[in-house]
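The values are calculated or read from the model by the stated rules, or taken from the named source; none is laboratory data. Since this is a predicted model, take the numbers as computed values, not measurements. FYI the Cβ positions are ideal-geometry reconstructions off the backbone, even for glycines, and counts take in every protein chain you see. The area values use the complete protein model at the heavy-atom level, side chains included, leaving out ligands, DNA and RNA. Shrake-Rupley method; radii C 1.70, N 1.55, O 1.52, S 1.80 Å.
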Amino acid sequence: MRVYGRKSGVSVLGISGSYVVQLAFDVTAAKRKGLLGFAIHREDRTENEQYWLRGFKTFEETFPNPPPGALVSTQEHPVQSFLWGDYTAKPDHKYTYTVVPLYGKPKNLREGPRVVIDIETPGHQMDAKHMIVFNRGVA
């Protein structure tokens, strides 16, 4: 499944597989000024849970020496890329992703326009004629 959302110069493309949702971000030139990254909130409408996704990269100003493997909220340490893979997705689930560009300084983040997309993951069907497969090496 592919879905697209856009608001005020910020765009999000979501592509789902059975076990992963790939998110791609784009911003207009005007929205790039001062952009530090993207916070990603996920709502699992199937299991009725929601939270900010977590990542590994931190800002030195706010978390200078994270221990190896430490996970931090993208709300405080945004994704510093235009591509993100949610490898915790599950088959036959309905998700809502809210992508928020963050601006300012690491100790004083400001939110930009929120882009919300609804996406579903397909069931895991090994006997299907066609399949789309993502893995961390390819992504």
Check your understanding: What's log10 of I(q)/I(0) for the chain at q = 0.12, 0.16, 0.17 Å⁻¹, Debye sum over Cα points only, no solvent?
Key -> -0.50, -0.85, -0.94
Review point. Share of the chain's accessible area from carbon and sulfur, percent, 1.4 Å?
Key: 51
Revision key, fill the gap. From the cross-link list 33/90; 31/90; 94/129, the entries with a Cα-Cα span beyond 27 Å are 33/90; 31/90
Practice item. Could you provide, to the nearest whole Å², the per residue accessible area of the chain with probe 1.4 Å? Key: 61
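Over the chain, what is the relative contact order in percent, taking alpha-carbon pairs closer than 8 angstrom and at least six residues apart?
It rounds to 32 percent for the chain.
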Check your understanding: Want the number for residue 29 to residue 81: 0.36 nm per residue separation, take away the alpha-carbon distance, what's left?
Key -> 17.2 nm
Check your understanding: Just the accessible area for residue 124, please: 1.4 Å probe, Å², rounded to the nearest 10?
Key -> 100
Practice item. Identify, among 27, 67, 37, the residue whose Cα sits farthest towards the positive end of the charge dipole of the chain, taking +1 on the Cβ of Lys and Arg and -1 on the Cβ of Asp and Glu, with the dipole about the Cα centre. Key: 27
